[in-house]
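The values are calculated or read from the model by the stated rules, or taken from the named source; none is laboratory data. Everything numeric here is computed off the predicted structure, so don't read it as measured data. So basically every Cβ, Gly included, is an ideal-geometry build from the backbone, and we count neighbours across all protein chains shown. The protein model used for the area step is the full one, side chains on, heavy atoms only, and it has no ligands, DNA or RNA in it. Shrake-Rupley method; radii C 1.70, N 1.55, O 1.52, S 1.80 Å.
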Amino acid sequence: MRYRVLGGTGIEVSTYCLGAMMFGFVGNPDHDDSVRIIHAALDQGINFVDTADMYSAGESEEIVGKALRDPRRREETVLATKVHFQMGEGRNRSGNSRRWITRAVEDSLRRLGTDWIDLYQVHRPDHRTDVEETLAVLGDLQTQGKIRAFGCSTFPAEEIAEAHHVAERRGLRRFWTEQPPYSILARGVERSVLPTAQRYGMGVLTWSPLASGFLTGKYRKGQPIDLANGRAALAPHRFDPTLPENAAKLDVVEELIALAEEIGCSLPELAMAFAAAHPAVTSVIIGPRTMEQLQGLLKGASLTLTDEVLDRIDAIVPPGKDLYHPDAWSPAVLTDASLRRRPVADRAAG
């Protein structure tokens with residue numbers, strides 16, 4: 001496993017990051033088996049583990065904490081988690097406010113069984129909270145030693161830039177990392193998010209390199225897709241092969257499978273190597289649910305894609321093009337109609 005420096009933090013992390021989203025009741029509910037998977041990843045050179053408070057309602061953090069109970073393992077592991085989404089019932093238990101982050105970080109530290117978090121990330125933007133408020137509390141947590149560095153996740157380029165401008169104007173510490181979705185089928189971040197991260201010297205850890213299973217080879221053209229089970233049951237509109245946008249994804253998958261076979265690798269290996277090849281990307285998050293999945297992903301870690309192969313991928317899915325939309329986040333100006341409509345009495349031009 002190779003290692004890269006995480007933005008301007010000086011922290012060296014493995015090029016593959018072990019994502020823990022599938023540990024807990026939403027994926028693998030067996031704590032002992034999940035711990036074995038985490039230990040196997042660490043033993044094979046991965047030193048970067050990413051989770052979030054909302055994964056399996058905190059259960060993922062608890063499992064990661066069990067896996068890192070040995071002080072030696074904890075010391076050698078760069079541990080990342082995230083805050084933002086609703087945790088439990090009641091108001092003010094989500095978002096990016098000082099009030100919530102101050103509470104949420106203590107909950108994460110307790111579940112993880114650790115005194116510090118190496119990378120604490122804001123899971124999504126929050127239009128209700130001024131980014132100055134968020135940066136200020138994260139800086140305070142860093143001063144207190146509860147976190148070593150902080151970053152953002154799935155932020156659009158303009159909000160990343162705004163956060164950096166606010167930090168400079170107000171003398172605050174800034175985001176050092178961004179965690180966007182990125183795969184052969186989701187290349188939209190190449191347009192502005194990845195260049196913006198490079199411009200500000202940010203580390204980038206990407207999620208969903210296998211595009212929710214499309215780049216595993218599990219879903220093939222002409223073969224039935226069970227829309228009642230697994231990921232497909234959670235978002236049938238993203239998998240229904242009768243929809244033109246999904247049929248287009250399946251066409252691309254067939255081309256990529258043929259390319260992978262030609263160069264002597266599997267489709268998942270091709271997909272992982274593609275994500276790791278971008279100069280803005282520091283680490284690619286893998287999210288295995290089983291030991292077999294982990295070993296399969298690690299098998300292709302040494303694969304190097306030539307310029308010729310990358311050119312052929314560009315011909316199949318052009319740079320900056322999104323064929324797969326992970327429904328990761330939509331700004332309030334799209335989800336709240338009142339923000340993009342003038343009052344009725346003020347709409348007419350004359």
For residues that are among the β-branched types (Val, Ile, Thr) and buried (at least 22 other Cβ atoms within 10 Å of the Cβ), scanning just the range 155-192, find the one that is nearest to Ala315 (Cα to Cα). Ile184
When the residues of the range 46-55 are filtered to those that are open to solvent by less than 10 Å² (accessible area, probe 1.4 Å) and outside any strand (DSSP E or B), which remaining residue is farthest from Leu294 (Cα to Cα)? Asp53
Test Leu210 against the criterion of being modelled with pLDDT of 95 or more, farther than 14 Å from Gly151 by Cβ, aliphatic (A, V, I, L, M) and under 13 Å from the mean Cα position of the chain (by Cα), and give yes or no. yes
Find the residue count for the range 97-145, including only residues that are surrounded by 17 or more Cβ atoms within 10 Å (Cβ to Cβ) and either on the phi > 0 side of the Ramachandran plot or not in a helix (DSSP H, G or I) (or both). 13
Considering every residue within the range 20-43, establish whether at least one is closer than 27 Å to Arg173 by Cα and touching a Phe, Trp or Tyr at 6+ places or on another chain (Cβ under 8 Å). no
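Given Leu259, Leu270, Leu303, which one is open to solvent by 20 Å² or more (accessible area, probe 1.4 Å) and touching a residue at least 12 places away in the same chain (Cβ under 8 Å)?
Leu303 is the lone residue from the list that is open to solvent by 20 Å² or more (accessible area, probe 1.4 Å) and touching a residue at least 12 places away in the same chain (Cβ under 8 Å).
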Based on what the data block shows, is Gly90 at pLDDT 95 or above and on the phi > 0 side of the Ramachandran plot? no
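Considering only the range 339-350, I want to know if a residue exists there that is in contact (Cβ under 8 Å) with a residue 60 or more places away in the chain and not in a helix (DSSP H, G or I).
No, because not a single residue in the range 339-350 is in contact (Cβ under 8 Å) with a residue 60 or more places away in the chain and not in a helix (DSSP H, G or I).
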Under 8 Å by Cβ, and 6 or more places apart or on different chains, what pairs join a residue from the range 108-119 that is under 13 Å from Arg148 (Cβ atoms) and without any contact (Cβ under 8 Å) to a residue 40 or more places away in the chain with one that is buried (at least 20 other Cβ atoms within 10 Å of the Cβ) and among the aliphatic types (A, V, I, L, M)? Leu109/Ile117; Trp116/Ile147; Ile117/Leu79; Ile117/Ala80; Ile117/Val105; Ile117/Ile147
Filter result (without any contact (Cβ under 8 Å) to a residue 60 or more places away in the chain, in a loop (DSSP other than H, G, I, E, B) and of a type in the set (A, V, I, L, M, F, W, C)) within the range 21-45: Phe25, Val26
Suppose we filter Ala328, Ala337 for residues that are farther than 30 Å from Ser266 by Cβ, open to solvent by less than 90 Å² (accessible area, probe 1.4 Å) and of a type in the set (A, V, I, L, M); which single one remains? Ala337
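Residue-by-condition table, conditions (1) open to solvent by less than 20 Å² (accessible area, probe 1.4 Å); (2) in a loop (DSSP other than H, G, I, E, B); (3) free of Cβ contacts under 8 Å to residues at least 12 places away in the same chain:
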site	(1), (2), (3)
Leu194	yes, no, no
Gln198	no, no, no
Gly201	no, yes, no
Lys221	no, yes, no
Ile225	no, yes, no
Glu245	no, no, no
Residues satisfying the stated conditions in the range 63-91, i.e. touching a helix residue (DSSP H, G or I) at 6+ places or on another chain (Cβ under 6 Å) and either assigned to a loop (DSSP other than H, G, I, E, B) or surrounded by fewer than 21 Cβ atoms within 10 Å (Cβ to Cβ) (or both): Gly65, Lys66, Leu68
Residue ID - farthest from Asp118 (Cα to Cα), chosen from residues in the range 4-45 that are of a type in the set (Phe, Trp, Tyr) and buried (at least 24 other Cβ atoms within 10 Å of the Cβ): Phe23
Cβ-Cβ below 9 Å, separation at least six or inter-chain, first residue in the range 153-165 and in contact (Cβ under 8 Å) with a residue 24 or more places away in the chain and under 17 Å from Phe85 (Cβ atoms), second surrounded by 22 or more Cβ atoms within 10 Å (Cβ to Cβ) and among the polar types (S, T, N, Q): which pairs? Ser153/Gln121; Ser153/Thr177; Ser153/Gln179; Thr154/Gln179; Phe155/Gln179
Checking Arg347, Arg342, Arg312 in turn, the sole residue that is within 28 Å of Pro125 (Cα to Cα), open to solvent by 80 Å² or more (accessible area, probe 1.4 Å) and of a type in the set (Lys, Arg) turns out to be Arg342
Any residue in the range 166-179 that's more than 15 Å from Gly203 (Cβ to Cβ): show its pairings with residues that are assigned to a loop (DSSP other than H, G, I, E, B) and open to solvent by less than 10 Å² (accessible area, probe 1.4 Å) at Cβ separation under 9 Å, as long as the two are six or more apart or on different chains. Ala167/Phe175
